[in-house]
Amino acid sequence: MKVLKFGGTSVGSSDSILLVKRIVESQQEQVIVVVSAVGGVTDALIRAAEMAQQGNQECFDIYSEIKEKHYKIISELFPLNEARNIKFKVDQLFDELSTIVKGVFMLKEMTYKSKAIISSFGERISSFILSEVIVEASLIESQNFIITDKVFGKEAVNIELTEKNLNTLKDNLGKISVFPGFIASNQKNEITTLGRGGSDYTAAIIAATYDASILEIWTDVNGFMTADPKIISRAYCIDSLTYSEAMELSHFGAKVIFPPTILPVYKKNIPIRIKNTFNPDAVGTLISNQALPVNGKKIKGISSVKDVSLLTVQGIGMIGVTGIAMRLFKSLAQKDINVILISQASSENSISVVIDTPTAESAVDMVKLEFSPEIALNQINNISVETDMAIIAIVGENMKRTTGISGTLFESMGKNGINIFAIAQGASELNISFVVKDKDLKKGLNAAHEAFFLSQYAVVNLFLVGTGTVGKMLIEKIIAQTEKLAEHNKLKIRVAGISNSRKMLLDLQGLNVKTLFDDLTGQGEKANLEVFKEHIIRYNLANSVLVDCTANAAVASVYQSMLESNVSVVTANKIASSSAFVLYQKLKSTALNKGVKFLFETNVGAGLPIIAPLNSMVMSGDKILKLEAVLSGSLNFIVNTVGQSKPLSAVIQEARDKGFTEPDPRLDLSGIDVVRKILILARESGYPMEQSDIEVTPFVPQKYMDAHTIEQFMNNIKQYDADFEEYRKELVAKGKKLRYAAKLENGKASVGFIEVDSQHPFYDLEGSNNIILINSEHYKEHPMQIKGYGAGAEVTAAGVFGDIIKVANQ
């Protein structure tokens, strides 16, 4: 025998009822069907009852809507004559319901008994309709067999009497029997209900009594998910759970089944299968006593509860005093306040409980009343409540005796800036629960999901500022590497926002990178850096990264607030890291304290790995003694290209045309770009320098740099061609070459021309290549040499992309 329970969505329309019919009639063995009310009907019945109690005429409108809803289903399911007969029988139930609602309306009073009767009509009507639809089905009135008693003021099933009643029926059951869920009766034959999740409970009691081979719960999802798919789009169905795992996930918000449901079948070791009425071919989730491994994963799922409050009782007078917790729970129980989670400091100085937010005010009043003597004596000095909280719980049998679970969990929270207010873990090691602010719930769930590899892919959320050549090439690299990253790194890069100086475009779910720039032009709103920043903070996405591909000071000014909001920063913009030392230091320390990244490898050498090796040397205890470097690819291109047939002015124009220099080449020729780069390297080497500390000689005399316009400069610089060429020839005659270089030694830095002979490492530096020589305590005799292509949008974009991958792999 099988027991199949169908929820409200499964019988919510004529189409879904036909799916139920097909599922039930395809079963080969004897079947018991337990059915809920049509979706939304029980809530509507209770709302109508409450309005009737208030004397509100709308109760009759709700009654009519419920009636019409069922009439519509009947008309669509049955031929005209048959539908008329079905409606006639259903009308008898609606007449009974109408009489009770009118009575409540007239008296403006609703007893527990009348509320239970009104609530029961949803299942009574849906079960009748379903029994008429399914061939060979017989209807069994659950209230005649499932009996409840009052226990602590609540209805509880009398299991002994219920099993006795059901067993009298067992031999008379046909191939298909339909039971209404949720409803029962007491020993006075008065209708009672089984409360929230009551239909699941009905099915479990019947399955346990009849020793069913399996209990199938048919709903509108494929089974238990690794997390709420409304929050985590990458959540997927869990193949199997133990009873304990299912209980824990259900308790903490996974609304697939009601926790008490499991108990009757758990005692009989009857498996439960969660199935999807609308996708019957899906395997679903099997719940049993077998702890089946799931690809070696330590946890099975993540659950959550929203709209809760954290109540804390604190005081030194609690230390070593017995009965404090008992009194706390007793005071809450007096107002029927449910405690969801408990956390107590080992010092016994405080105890915190999580409760439903609507009960928070009442809870504080009751606790203050209970501990009023201790409060008067200052033995308890604080009873506080934090609202807008949420619980996140990770669950899995494989957590038992496995080290590192808590470390992985809390590290994932920390690096995403999620503060934890309370923690609870039982000795069974089946569950770790913790309390966070409600605003951090989505980010926390995503972070935990990825930390335990429950997501197939880790996701990095990019917010790109700058759509020039570097920005465009970065997006091209992301597109080109998408498949490789997914296959080999299990990583997805999602662009959630993009902005330039004119427009911006954001999407929480991610933008289409293949049409990104067209969409920005066509759909973007007016750019506003402050609004863009606030969107990033408000989205509060896990693994968020601001990517700056501009040279804009305003963009650099938002780095601090991004890092403080646990958003990593990857930048090709040198302004922040070469700003005042105190600001640079603050950015670095904020990133470190927040557990996020502030990466700017491309600030020096474009795609060349210079800053990362330098960091590694310093972190390993090495001391940087001296740096010598050619750090401007554009200026090195110029000195390498100038010749008798190519004067300086023509080569400067060529460098502009090739994009090696800024649109205004004076920014490069002033030497300020090289100054910023050596300043950054000096700071990364451990020297707290300011830009003003660096001696600089411009590439061309200052009088030419002072031109009012670019055009005027380009015209005036021709006057310097002859002098520069004469200087170049003199060096060639000496067997030397000219290099525009930076130097750091003994804590002092300079930028300007140096002359090098054929023995110098800079002599053969070709084209726009960069080179750096690093002398340190470990590299005294033979300096470390890093050399390669150091200019151009493509290598800069590659370097930015590399920094993004570093953030993803942190």
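Things worth noting here:
- Residue within segment 743-753 that is among the charged types (D, E, K, R), open to solvent by less than 60 Å² (accessible area, probe 1.4 Å) and either at positive phi or at pLDDT 95 or above (or both) present: no
- Comparison of Val465, Val531, Val459 shows that the only residue that is among the aliphatic types (A, V, I, L, M), within 22 Å of Lys443 (Cβ to Cβ) and under 16 Å from the mean Cα position of the chain (by Cα) is Val459.
- Residues of segment 374-384 satisfying the condition of being within 33 Å of the chain's Cα centre (by Cα) and open to solvent by 60 Å² or more (accessible area, probe 1.4 Å): none
- When residues of segment 444-469 are limited to those that are open to solvent by 10 Å² or more (accessible area, probe 1.4 Å) and part of a helix (DSSP H, G or I), the one farthest from Ser406 (Cα to Cα): Thr469
- Any chance Val570 is in contact with an Asp or Glu (Cβ under 7 Å, 6 or more places away or on another chain) and either within 30 Å of Asp438 (Cβ to Cβ) or open to solvent by less than 10 Å² (accessible area, probe 1.4 Å) (or both): yes
- Single unsatisfied condition, Gly407 versus (1) over 23 Å from Ser561 (Cα atoms); (2) part of a loop (DSSP other than H, G, I, E, B): (2)
- Count of residues meeting criterion [under 17 Å from Gly686 (Cβ atoms), out of contact with any Ser or Thr (no Cβ under 8 Å at 6 or more places or on another chain) and part of a loop (DSSP other than H, G, I, E, B)] in segment 578-614: 3
- Any hit, segment 148-156, residues being among the acidic types (Asp, Glu), surrounded by 13 or more Cβ atoms within 10 Å (Cβ to Cβ), at pLDDT below 95 and touching a Gly at 6+ places or on another chain (Cβ under 8 Å): yes
- The single condition among (1) without any contact (Cβ under 8 Å) to a residue 12 or more places away in the chain; (2) open to solvent by 10 Å² or more (accessible area, probe 1.4 Å) that Ala83 does not satisfy is (2).
- A Cβ distance below 6 Å, combined with a sequence gap of six or more or placement on separate chains, defines the contacts here; from segment 305-325, residues that are within 17 Å of Val354 (Cα to Cα) reach residues that are loosely packed, with under 15 Cβ neighbours inside 10 Å and modelled with pLDDT under 90 in the pairs Gln314/Asn382.
- Set Met326, Met318: member being crowded, with 16+ Cβ neighbours inside 10 Å, over 15 Å from Val385 (Cα atoms) and out of contact with any Leu (no Cβ under 8 Å at 6 or more places or on another chain): Met318
- Hits in segment 341-356 - residues which are open to solvent by less than 40 Å² (accessible area, probe 1.4 Å), within 14 Å of Val308 (Cβ to Cβ) and either without any contact (Cβ under 8 Å) to a residue 60 or more places away in the chain or of a type in the set (Phe, Trp, Tyr) (or both): Val353, Ile355
- Inter-residue pairs, beta-carbon under 9 Å, first under 20 Å from Ile270 (Cα atoms) and modelled with pLDDT of 90 or more and in segment 281-303, second assigned to a loop (DSSP other than H, G, I, E, B) and open to solvent by 90 Å² or more (accessible area, probe 1.4 Å), 6+ apart: Val283/Asp239; Gly284/Asp239; Thr285/Asp239; Leu286/Asp239
- Inside segment 670-721, residues that are surrounded by fewer than 16 Cβ atoms within 10 Å (Cβ to Cβ), without any contact (Cβ under 8 Å) to a residue 24 or more places away in the chain and in a helix (DSSP H, G or I) make up a count of 7.
- Residue satisfying condition, being under 25 Å from Glu123 (Cβ atoms), in a helix (DSSP H, G or I), β-branched (Val, Ile, Thr) and within 30 Å of the chain's Cα centre (by Cα), within set Ile262, Ile217: Ile262
- Count - residues of segment 118-147 that are in a helix (DSSP H, G or I), open to solvent by 20 Å² or more (accessible area, probe 1.4 Å) and within 19 Å of Thr168 (Cα to Cα): 2
- Boolean, Asp200 is of a type in the set (Asp, Glu), on the phi < 0 side of the Ramachandran plot and outside any strand (DSSP E or B): yes
- Pair list, Cβ under 9 Å, 6 or more apart: segment 154-183 residue in contact (Cβ under 8 Å) with a residue 60 or more places away in the chain and at positive phi, other residue hydrophobic (A, V, I, L, M, F, W, C) and open to solvent by 20 Å² or more (accessible area, probe 1.4 Å): Phe182/Leu194
- Qualifying positions in segment 535-554 - in contact (Cβ under 8 Å) with a residue 24 or more places away in the chain, open to solvent by 10 Å² or more (accessible area, probe 1.4 Å), within 15 Å of Lys574 (Cβ to Cβ) and not in a loop (DSSP other than H, G, I, E, B): Ala554
- Some residue of segment 732-749 being over 21 Å from Val630 (Cβ atoms) and free of Cβ contacts under 8 Å to residues at least 60 places away in the same chain: yes
- Pairs are defined by a Cβ separation below 8 Å, a sequence spacing of at least 6 or placement on different chains, a first member in segment 55-73 that is open to solvent by 40 Å² or more (accessible area, probe 1.4 Å), and a second member that is not in a helix (DSSP H, G or I); the pairs so defined are Lys69/Val38.
- Qualifying residues in segment 470-526 (those that are within 23 Å of Gly792 (Cα to Cα) and in a loop (DSSP other than H, G, I, E, B)) - the one most open to solvent (accessible area, probe 1.4 Å): Ser501
- Residues that are loosely packed, with under 14 Cβ neighbours inside 10 Å, of a type outside the set (D, E, K, R) and at positive phi, drawn from segment 385-419: Gly404
- Checklist (1) at pLDDT 95 or above; (2) open to solvent by 60 Å² or more (accessible area, probe 1.4 Å); (3) not hydrophobic (A, V, I, L, M, F, W, C) applied to Lys115, failing item: (1)
- Unique residue being surrounded by fewer than 21 Cβ atoms within 10 Å (Cβ to Cβ) and at pLDDT 95 or above when the list is Ser577, Ser557, Ser565: Ser557
Residues checked against (1) at negative phi; (2) assigned to a strand (DSSP E or B):
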| position | (1), (2) |
| --- | --- |
| Glu248 | yes, no |
| Arg273 | yes, yes |
| Asn279 | yes, no |
| Ala282 | yes, no |
| Leu286 | yes, yes |
| Gly320 | no, no |
| Met326 | yes, no |
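- Taking the conditions (1) open to solvent by 70 Å² or more (accessible area, probe 1.4 Å); (2) assigned to a helix (DSSP H, G or I) in turn, Gln28 satisfies each one other than (2).
- Output for segment 192-211, where each listed residue is of a type in the set (Asp, Glu) and crowded, with 23+ Cβ neighbours inside 10 Å: Asp200
The values are calculated or read from the model by the stated rules, or taken from the named source; none is laboratory data. This is a predicted model, so every value here is computed, not measured. So basically every Cβ, Gly included, is an ideal-geometry build from the backbone, and we count neighbours across all protein chains shown. To get the accessible areas, we keep the full protein, side chains included, count just its heavy atoms, and leave off ligands, DNA and RNA. Shrake-Rupley method; radii C 1.70, N 1.55, O 1.52, S 1.80 Å.
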